[in-house]
Amino acid sequence: MIKITLKDGSIKEVEKGISVIELARNISEGLARVATVAEVNGEIKDLRYCLEEDASVNILTFDSDLNGKKAYWHTTSHIMAQAVKRLFPEVKLAIGPSIDEGFYYDFDVEKPFTDEDKEKIEEEMKKIIKENLPIERFSLPREEAIALMKKMDEPYKVELIEDLPEGEEISFYSQGEFTDLCAGPHLESTGKVKAIKILSSSSAYWRGSEKNKMLQRIYAISFPKTSSLEEHLKLLEEARERDHRKIGKELDLFMTHQLVGSGLPMYLPKGATIRRILERYIQDKEVKMGYNHVYTPSLANVELYKTSGHWDHYKEDMFPVMKMENEEMVLRPMNCPHHMLIYKNKMHSYRDLPIRIGELAHDFRYEASGNVCGLERVREMCQNDAHLFVRPDQIKEEFKKVVELILSVYKDFGFTDYTFRLSLRDKFDKEKYFDDDEMWNSAESQLREILTELNLNFYEAEGEAAFYGPKLDVQIKTALGHDVTISTCQLDFLLPRRFELKYIGEDGKEHTPVVIHRAILGTFDRFLSFLIEETKGAFPIWLAPVQVKVLPITDAHLDYANKVKEELEKIGARVEVDSRNEKIGYKIREAQLEKVPYMLVVGEKEIEENTVGVRSRAGGDIGAVKLQEFVDKVSKEVKNYTK
RNA sequence: GCUACUAUAGCUCAGUUGGUAGAGUGCUACCUUGGUAAGGUAGAGGUCACGGGUUCAAUUCCCGUUAGUAGCUCCA
């Protein structure tokens, strides 16, 4: 039995395994309006997933629960649909769910909404809120539901109802003249919504398939208080300020040019410095862990990818074939095949495994034009790639080591905002995923077991696996709100077969190794974009392109400034002298905006006392310190791979 | 790739209801030799992304290309 605490404090008991809709019917008519989110044994959960085990459930309301916002936003999405219907009666309604931050509604409309349209819609929404229309829920049998939607001339709703599974309750919500097919939950009336804001409009395919019609989507958000809305808009503004494309330009890290092409960024000296340090950092770490690095060409015969199977899956996204005299070449989209051949170059004993082949390898993918984004999504990338060739009995240990490496790297950078995703295949997609149920089931369950054993907090996602095997992906959210993969570790039983890889086992017979594909920093490009957004350009000192900037007060102090620079260069620091004929306040301002970790002001006083006037990026003016003392202090900071 | 929007000085942007353009900042020179987030003056810098079309005349209107932005789709 499940013990349910309702928002009014009353307690009810229900059978476990009950659906949310049954629950709503059995316990309280208003329940589905209250929340589909609840506190279960102390944890906040989506109610739909927590009715299967014995539990004590506390139904949460909007005020006490962040997730309760969903009911709130969902209600506002109906208000938006109602406003659109009032202003543009010919519009057909698609869907309008709540999302992580706000909600959207998709409309089928002849002409996309203009800014003026959106202003009018927002005004109309405010009117509907003022009208404080009560929200009524009712349900209909399937045929009657379809008839109602046909009568209302809402073809998308008819399609939705037709696709609902047999036996599912078909519920509607009404407010004033407006009725919409909806599972809920909703607030009691439109007047409960206070502050609203239309954020943006765009387009989206009906049911998320590019084969379908393109609909117009409006994103919006709402809050019970105006101040919360203002706070939210401020956060959005801050995220825009963190955008790596903006900071990358401001700090001279990278550039792009029309003549070079889309998705082909060029690293400027400062960005290249960071990248060089990142490359050394990760390779040093890998060497310590027994990786062997190789260099392989960025070009290959197209037959290589036909052998691996990549050609069938990804030829559309590869740069086109270059036909030469008697062969056809392509720019490589990934490195696995090259590394497979390196493994195959030699006969291996079971004693040789695991073999870890690593490479900082350039790959080329013709990303669709609309997908290209700064350093986040590019057409030529450099991967921090490696392939581990292991015996089946070594999978667990090697996988574990990779996860440890990932965790250690994230710790070095101080990253905490990431999630682990177990990426599984979509069982019904026989086209994308290699069709061998036994192989998949085994690989997926092994991977799940490893992650559970590692005590990793992960979520599962179907349809996110590679065509050859399941993956552990490390996901982060960019400043723009994109959910992207940084690190990945993949289990592959397929490619070793395709390339007929072998090792001689203890039994003297041939066996097929298992391959673990992994990338820790992912691509240097995307990693740098993440690093920029996480640090807002204030890189940890060991990565800062300029670690110390010496600021002479006047020209008369230039010699001493250069001497300070030399002393610091002896310990390997990256130092610049600002020798311009400018006032000290101006030089400080510029160095500060460049986010240089240490600024050293030098003038008469410092020369006399052989000191430097230290100012730190974060802490401001620190005061005079003996030059040698400062050099000693930073000698470790500038080189150590730590935050 | 799809839908929409955008492209003016190195950067951030204004402007022209069709008659070849302006600010701030940066850059250069000069003055200022200044002590912890912007000293002053002057100057240089633009085929108004590119290619067509309409027009007496196009940076402005139309079409295409390239590049960018938002979302969708895709992501080995």
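Things to note:
- Criterion violated by residue A:231 - all others in (1) modelled with pLDDT under 95; (2) of a type in the set (Asp, Glu); (3) within 15 Å of RNA strand B (Cβ to nearest atom) satisfied: (3)
- Residue selected from region A:191-210 under the condition more than 15 Å from RNA strand B (Cβ to nearest atom) and part of a strand (DSSP E or B), by the criterion surrounded by the most Cβ atoms within 10 Å (Cβ to Cβ): A:196
- Residues satisfying the stated conditions in region A:262-289, i.e. surrounded by fewer than 18 Cβ atoms within 10 Å (Cβ to Cβ), within 25 Å of the chain's Cα centre (by Cα) and within 12 Å of RNA strand B (Cβ to nearest atom): A:262, A:264, A:266
Condition check ((1) more than 16 Å from RNA strand B (Cβ to nearest atom); (2) touching a residue at least 40 places away in the same chain (Cβ under 8 Å); (3) within 18 Å of residue A:266 (Cβ to Cβ); (4) assigned to a strand (DSSP E or B)) across all residues:
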| position | (1), (2), (3), (4) |
| --- | --- |
| A:342 | yes, yes, no, no |
| A:346 | yes, no, no, no |
| A:351 | yes, no, no, no |
| A:361 | no, yes, no, yes |
| A:366 | no, yes, no, no |
| A:382 | no, yes, yes, yes |
| A:386 | no, yes, no, yes |
| A:389 | yes, yes, no, yes |
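- None of A:326, A:335 is among the polar types (S, T, N, Q) and either within 13 Å of RNA strand B (Cβ to nearest atom) or within 29 Å of residue A:480 (Cβ to Cβ) (or both) except A:335.
- Residue list for region A:441-481, restricted to those being β-branched (Val, Ile, Thr) and within 14 Å of RNA strand B (Cβ to nearest atom): A:474, A:476, A:478
- Cross-chain or 6+ apart pairs with Cβ under 6 Å, region A:316-337 first and touching a residue at least 40 places away in the same chain (Cβ under 8 Å), then loosely packed, with under 12 Cβ neighbours inside 10 Å: none
- Test: residue A:520 is over 30 Å from residue A:477 (Cβ atoms) and either in contact (Cβ under 8 Å) with a residue 60 or more places away in the chain or of a type in the set (A, V, I, L, M, F, W, C) (or both): no
Residues are listed down the side, and each one gets a yes or a no for (1) closer than 18 Å to residue A:402 by Cα; (2) surrounded by fewer than 19 Cβ atoms within 10 Å (Cβ to Cβ):
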residue	(1), (2)
A:437	no, yes
A:454	yes, yes
A:500	no, yes
A:516	yes, no
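- Test: residue in region A:309-332 that is farther than 30 Å from residue A:431 by Cα, among the hydrophobic types (A, V, I, L, M, F, W, C) and part of a loop (DSSP other than H, G, I, E, B): yes
- Listed here are the strands (runs of 3 or more DSSP E) enclosed by region A:504-603 that have at least 1 residues being within 12 Å of RNA strand B (Cβ to nearest atom) and of a type in the set (A, V, I, L, M, F, W, C): A:514-523, A:548-552, A:598-602.
The values are calculated or read from the model by the stated rules, or taken from the named source; none is laboratory data. Predicted model only: the values in this text are computed from it and were never measured. Don't worry about glycine lacking a Cβ; one is built from the backbone with ideal geometry, like all the others, and counts go over all protein chains shown.
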